[in-house]
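K.L.:
Would you mind keeping the following structure in view while I ask a few things?
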Amino acid sequence: MKNLLLGAVLGFFVSPLFADDANELLRYVDQHGEKFDRLALELWDYAELGYLESRSSAKLQQVLADEGFEIQSGVAGIPTAFVASFGEGKPVIGILAEFDALPGISQAAVPSRQLLKGKESGHACGHHLFGAGSTAAAIAVRHWMENNNVKGTVRLYGTPAEEGGSGKVYLVRAGLFEDVDTVLHWHPSDRNSANAETSLANKSARFKFKGISSHAAAAPERGRSALDGVEAMNFMVNMMREHVPQETRIHYVITRGGEAPNVVPDFAEVYYYVRHPQAEKLQQLWERVIDISRAAALGTGTDVDVEVMHGNHSLLPNEKLSRQMHANLTRVGGVRYNAEEQAFAEQISGSLGVGDFIGMEKQILRFELRQGMGSTDVGDVSWVVPTVGLRTSTWVPGTAPHSWQAIAAGGTSIGTKGMRVAAKALSLTARDLLLDPTLIEAGRREFDRRRGEDFHYKALLGDREPPLAYRIK
């Protein structure tokens with residue numbers, strides 16, 4: 001703050017990025033890093049699935065409440081969603097925090113394939129680090145604001161069920177971001193970057209076919225196979241792939257196909273994802289898939305019900321804000337492995353089969369505009385408020401998300417070191433926004449330009465209620 005005041009007196013502006021008090025944020029994360037490491041590893045151990053993250057959500061809320069944040073629990077009709085606020089007035093800087101795990105993938109924190117007994121889920125996308133790292137950043141900013149008498153509000157959003165549950169969409173739909181000036185987020189990765197990145201919009205549904213059961217040998221003519229409906233749909237969708245824009249992604253899994261070969265199944269279900277960079281094109285593709293499901297039902301003498309499960313807009317990039325985040329990430333620097341971490345990384349790297357990328361954890365990738373091929377419910381946030389994010393190396397370089405190698409590294413100091421890098425970059429960027437209104441204004445101008453004058457936000461998942469039981473078998 002002294003440098004800023006001196007600059008004002010002398011008639012020039014000293015960049016908030018390099019003012020002395022920025023080091024206060026970095027020191028706070030370092031001095032309290034072990035506490036946040038333990039928090040992250042506790043969430044890693046819980047490994048709770050979407051909308052079922054009761055312990056993870058409660059733990060984060062308690063940590064924030066202990067630091068003087070005002071907590072709103074159960075927002076947007078979601079028991080595990082929350083908003084934690086500190087300060088008052090403008091500007092309002094939001095920070096996103098995720099904490100859901102993935103089903104069907106378990107792994108111990110060791111560099112070889114080893115399932116954890118009695119545990120079927122795991123943090124293969126690193127959301128335990130996401131939640132704890134964002135919490136660390138919010139708390140660091142809270143103390144910096146108090147120590148330097150900075151006005152404004154820092155607000156952490158506890159957002160459940162990113163993995164196929166679109167938790168943030170319901171928060172957006174409930175208007176919880178309407179007064180926010182800028183939103184910050186991050187994600188675990190195998191590299192360090194702060195690109196102006198976009199993503200694919202996506203939509204999913206469960207297609208539930210209903211037929212007539214019968215003895216498959218003694219009276220097959222009396223049956224109508226729901227599985228035939230599923231297979232007919234899949235066959236036609238796979239033919240459709242030849243006739244869609246090349247950026248399209250379509251994938252499915254048969255979740256129910258019958259119980260016994262000698263019984264004509266009267267119920268079968270297939271779960272589809274459809275993706276495209278543009279929401280408008282995605283909707284057109286989606287209608288074609290819906291038509292195919294109806295044709296499959298008609299052709300097999302079955303009925304089909306469609307339950308939309310989630311829908312996410314693409315990320316709306318913001319180059320101005322991303323360059324600021326990139327500068328802060330560059331200042332913080334990458335991850336340095338000690339001897340034990342290096343040995344762990346080398347063993348993990350040998351299991352990947354993609355070459356040796358160890359060393360990338362130290363580097364900050366060159367800034368660029370980038371089209372990502374994944375999808376995230378952060379996209380919906382980015383279409384209602386200027387949003388900026390980053391990725392840090394929490395996994396061994398070369399590791400794919402949703403893999404056992406990601407869970408393994410995320411349960412060690414390799415993961416928490418990368419998390420601390422993210423917490424520092426987030427807190428520095430929040431600080432810049434709180435001190436420099438012109439940065440917020442520039443981000444808003446770009447946001448308005450990219451979004452367009454005629455844009456009106458509409459959730460791709462429609463008006464359905466949060467699918468709170470979507471992970472319950």
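K.L.:
Which ones in region 259-293 are crowded, with 18+ Cβ neighbours inside 10 Å and of a type in the set (Gly, Ala, Ser)?
P.N.:
Within region 259-293, 268, 279, 293 qualify.
K.L.:
Assigned to a loop (DSSP other than H, G, I, E, B), of a type in the set (Phe, Trp, Tyr) and either within 18 Å of the chain's Cα centre (by Cα) or modelled with pLDDT of 95 or more (or both) - does that describe any residue in region 79-91?
P.N.:
Keep residues of region 79-91 that are assigned to a loop (DSSP other than H, G, I, E, B), which gives 79-81, 89-91.
Okay, now just the ones that are also of a type in the set (Phe, Trp, Tyr), so none.
Within region 79-91 (the criterion being assigned to a loop (DSSP other than H, G, I, E, B), of a type in the set (Phe, Trp, Tyr) and either within 18 Å of the chain's Cα centre (by Cα) or modelled with pLDDT of 95 or more (or both)), the answer is no, since none of the residues qualifies.
K.L.:
For region 426-465, give me each residue that is farther than 19 Å from residue 316 by Cα, free of Cβ contacts under 8 Å to residues at least 40 places away in the same chain and outside the structural domain of residue 133 (by TED's automatic domain parsing).
P.N.:
463
K.L.:
Among what's in region 82-102 and is touching a Ser or Thr at 6+ places or on another chain (Cβ under 7 Å) and either over 30 Å from residue 441 (Cβ atoms) or not assigned by TED's automatic domain parsing to the domain that holds residue 395 (or both), pick the residue that is surrounded by the fewest Cβ atoms within 10 Å (Cβ to Cβ).
P.N.:
Per the stated criteria, the residue is 102.
K.L.:
Restricting to region 358-403, give me the number of residues that are surrounded by 20 or more Cβ atoms within 10 Å (Cβ to Cβ) and either of a type in the set (D, E, K, R) or not in a loop (DSSP other than H, G, I, E, B) (or both).
P.N.:
15
K.L.:
Any idea which of 71, 105 is in the same structural domain as residue 182 (by TED's automatic domain parsing), of a type outside the set (Gly, Ala, Ser) and part of a strand (DSSP E or B)?
P.N.:
Values: 105 fails: part of a strand (DSSP E or B).
Only one candidate passes the filter, namely 71.
K.L.:
Here is a follow-up. Quick one: in region 430-456, which of the residues that are surrounded by fewer than 21 Cβ atoms within 10 Å (Cβ to Cβ) and of a type in the set (Asp, Glu) is farthest from residue 325 (Cα to Cα)?
P.N.:
Only one residue fits best here, namely 454.
The values are calculated or read from the model by the stated rules, or taken from the named source; none is laboratory data. Worth saying up front: this structure is predicted, and the values here are computed from it rather than measured. Note: ideal-geometry Cβ built from the backbone for every residue, glycine included; neighbour counts use all protein chains shown.
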